[in-house]
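The values are calculated or read from the model by the stated rules, or taken from the named source; none is laboratory data. No experiment lies behind these values; they were computed from the predicted model shown. Ideal geometry is used to build each Cβ from the backbone, glycine not excepted, and the neighbour counts take in all protein chains shown. These area figures cover heavy atoms from the full protein model, side chains too; ligands, DNA and RNA do not enter into them. Shrake-Rupley method; radii C 1.70, N 1.55, O 1.52, S 1.80 Å.
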Amino acid sequence: MLGKPKWFTRRKYGGWGFCPKCWQGWVYLAAILTPFILLRYLPFGNDEFRWLAYSVWGGAVILDAIHIMANMEKDERERVHEALAERNALWAIIILLCVGVAYQASAGAASGEFGVDPVILVALFAGVAAKAATNIYLDHKN
Amino acid sequence: MQTKIAKFRQKLGITQEELARAAGVTRQTIISLERGRYNPSLQLAYRLTRALGAGRIEEVFSDLDQP
């Protein structure tokens, strides 16, 4: 893996993910972005090669980001804060999705058609499944 | 929860940063603990007790709600 978790800090106030907290993190960020810029502007290879290179490098970057996120050091207080913040964010998302489903269903009923976006329903069911799986795992663990 | 972390720390002459490193937490967590704003897990309470050189956990932490 390229990046070290200690170079980054959890993004707390501006969404999800992480951001650099020292110069090594900024160098890493520049190093992973440079190939994308080179592939975009340097005149070598055909489109097929470019897309293959984008995919391979992009995949490596995603794997490295997952490794950084999973291994980022957090003490118990930070974990509690993160869990509460994520729970509140999820509640906001669920409420808005439910309002969206209700609006689409009522608008669909008025026009005589079933007009609920299936992606929203799948997202809600995925959330239910993830919650159930987490509770089953935790009940068995402790 | 009431703690005597600051008292023990000052007696040892170590900084919040040094105690945080010894207990494996951040300095912000030590600040919250010293101000009584965060209740630590039993595991962290033991780690802090050891890092502060206290003999028993009750010397460092006390629960005011306890009758």
Residues in the stretch B:32-67 that are exposed (fewer than 13 other Cβ atoms within 10 Å of the Cβ), within 14 Å of A:ARG77 (Cα to Cα) and aliphatic (A, V, I, L, M) total 1
Out of curiosity, is B:THR29 polar (S, T, N, Q), open to solvent by less than 30 Å² (accessible area, probe 1.4 Å) and farther than 22 Å from A:LYS6 by Cβ? no
Test for A:ALA133: is it outside the structural domain of A:GLY14 (by TED's automatic domain parsing) and closer than 30 Å to A:MET1 by Cα: yes
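Anything in the stretch B:9-55 that is away from chain A (no Cβ under 14 Å) and either more than 12 Å from the chain's Cα centre (by Cα) or part of a helix (DSSP H, G or I) (or both)? List them, or say none.
Taking the stretch B:9-55 first, the residues away from chain A (no Cβ under 14 Å) are B:9-15, B:18, B:49-50, B:52-55.
Hits for the stretch B:9-55 are B:ARG9, B:GLN10, B:LYS11, B:LEU12, B:GLY13, B:ILE14, B:THR15, B:GLU18, B:THR49, B:ARG50, B:GLY55.
What residue, of A:VAL128, A:VAL61, A:VAL99, is among the β-branched types (Val, Ile, Thr) and assigned by TED's automatic domain parsing to the domain that holds A:GLN24?
Working: A:VAL128 fails: assigned by TED's automatic domain parsing to the domain that holds A:GLN24; A:VAL99 fails: assigned by TED's automatic domain parsing to the domain that holds A:GLN24.
The match here is A:VAL61.
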Here is a list of conditions, (1) in contact with a helix residue (DSSP H, G or I) (Cβ under 8 Å, 6 or more places away or on another chain); (2) within 17 Å of A:GLU76 (Cα to Cα), and B:ILE5 meets all of them except one; can you say which number that is? (2)
Taking the stretch A:68-78, which residues are facing chain B (nearest Cβ under 10 Å) and exposed (fewer than 14 other Cβ atoms within 10 Å of the Cβ)? A:GLU73
Out of the stretch B:1-47, which residues are acidic (Asp, Glu) and within 13 Å of B:SER62 (Cα to Cα)? B:GLU34
Only one of (1) without any contact (Cβ under 8 Å) to a residue 60 or more places away in the chain; (2) closer than 21 Å to A:ALA85 by Cα; (3) aromatic (Phe, Trp, Tyr) is not met by A:PHE8, so which one is it? (1)
